[in-house]
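For reference, the structure is listed below as structure tokens.
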Amino acid sequence: MSVLVEVTRGGRVESRHAGAFAVVDAEGALVLSEGDIDRPVFPRSAVKLIQALPLVESGAADRFGLDDESLALACASHNGEERHAEVAARGLARLGLDEAALECGAHWPSLPAASQRLARQGASPSALHNNCSGKHTGFLCLACGLGAEPRGYIQPEHAVQRSVKSALEEVTGFALAEGSHGIDGCSIPTYAIPLRALALGFARLGSGHGVSLARAQAAARLRRAVARHPFMVGGTGRFDTVVMEALGERAFTKTGAEGVFCAALPELGLGVALKCEDGAGRAAEVVMAALLLRLLPLSEAERAVVAPFAAPVLRNWNGIEVGRLRATLPV
């Protein structure tokens, strides 16, 4: 098992995070890798760009007037901040629906300040605050566009999830056996896919090669929406938002639960997929940042934004620096 990240304290390595990553071009050629990249892993929310493709390709996004903020939110794992909830509610209203139609469940906002604000108001979180509310709003839009019954859109046999499964298979080139799925945190099916195939899929969606013209255009539209509204994809202080605010369309990055991260680097025609074995998101961010620094020609200003994610400082409760995380990958 390959160690990807070391955690230091007092000049010593205190902990290690193992995992694997793959960097692939749109033809499937392996550019860079470490660890077992052919073992299927659940990509979780890292594939929301792929899951949003049918929303655009079907014409449902245009039919119901979803704007770029809504499209960016469809690709998001957001903090549940006020603006995120507002955009989700606005998208539902265009369908004649409200938060009761969302089947993702409710949880407190991921950002403590947003949770505290709700609590001060004496309010409880709703499904609008779920980090996946934008994706689920997009699913409901797709269901309406397909003329399907919206209820039950999270079920694998529903037309929405069949469309998503087909997009995953076609983009990654990996066949997903019926009944092979797990259940994601937001209750939709999640399918295990090798890192090599995931990286290929993101290379294709970033470059437009290896997919149909309609799919390439849909992917480009979603990436543009995210680049214009990176706050929607994560929120205050989040890796994806901060990095894409700095890099714009040069990089599309998307975190997933349990230490998964994927990215498309359009100008290089490359896709990236990684997984930390222990599910540590902190380690996945370090590896993704290190790969961005290694692969992309960055300006001094861009490097100044990305570099801190590759070597985050660890501080104790008194604010004293006690250690760092560092990637084993040379940058």
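Annotations
- Residues of the stretch 87-131 that are open to solvent by 50 Å² or more (accessible area, probe 1.4 Å) and hydrophobic (A, V, I, L, M, F, W, C): Ala93, Leu97, Ala100, Ala106, Trp108, Ala113, Ala119.
- Selection over the stretch 276-307 of residues that are among the small types (Gly, Ala, Ser) and either surrounded by 24 or more Cβ atoms within 10 Å (Cβ to Cβ) or in contact with a Phe, Trp or Tyr (Cβ under 8 Å, 6 or more places away or on another chain) (or both) gives a count of 4.
- Checked against (1) over 13 Å from the mean Cα position of the chain (by Cα); (2) open to solvent by 10 Å² or more (accessible area, probe 1.4 Å), Thr172 meets all criteria but (2).
- Within the stretch 231-251, being of a type outside the set (Lys, Arg) and either open to solvent by 10 Å² or more (accessible area, probe 1.4 Å) or farther than 19 Å from Val87 by Cβ (or both) holds for Phe231, Thr236, Gly237, Phe239, Val242, Val243, Glu245, Ala246, Leu247, Gly248, Glu249, Ala251.
- Of the residues in the stretch 207-224, none is in contact with a Cys (Cβ under 8 Å, 6 or more places away or on another chain), among the small types (Gly, Ala, Ser) and open to solvent by 10 Å² or more (accessible area, probe 1.4 Å).
- Among the criteria (1) more than 26 Å from His107 (Cβ to Cβ); (2) of a type in the set (Gly, Ala, Ser); (3) in a helix (DSSP H, G or I); (4) touching a residue at least 60 places away in the same chain (Cβ under 8 Å), the one Gly210 does not fulfil is (3).
- Residues of the stretch 126-165 satisfying the condition of being in a loop (DSSP other than H, G, I, E, B) and closer than 16 Å to Lys48 by Cβ: Asn130, Asn131, Cys132, Tyr153, Ile154
- Each residue in the stretch 2-29 was checked for being open to solvent by 50 Å² or more (accessible area, probe 1.4 Å) and under 18 Å from Ala290 (Cβ atoms), and 2 of them qualify.
- Helices (runs of 4 or more DSSP H) lying entirely in the stretch 224-320 (those with 3 or more residues that are among the basic types (Lys, Arg)): none
- Every residue from the stretch 166-206 that is touching a strand residue (DSSP E or B) at 6+ places or on another chain (Cβ under 9 Å), of a type in the set (A, V, I, L, M) and either at pLDDT below 95 or part of a helix (DSSP H, G or I) (or both): Leu168, Leu195, Ala197, Leu198, Ala199, Leu200, Ala203, Leu205
- Exactly one residue out of Leu55, Leu32 is of a type outside the set (Asp, Glu), over 16 Å from the mean Cα position of the chain (by Cα), on the phi < 0 side of the Ramachandran plot and outside any strand (DSSP E or B), and it is Leu55.
The values are calculated or read from the model by the stated rules, or taken from the named source; none is laboratory data. Only a predicted model underlies this, so the values are computations on that prediction, with no experimental measurement involved. We place every Cβ from the backbone using ideal geometry, glycine too, and count neighbours over all the protein chains shown. Surface accessibility is based on the protein's heavy atoms, side chains included, excluding ligands, DNA and RNA. Shrake-Rupley method; radii C 1.70, N 1.55, O 1.52, S 1.80 Å.
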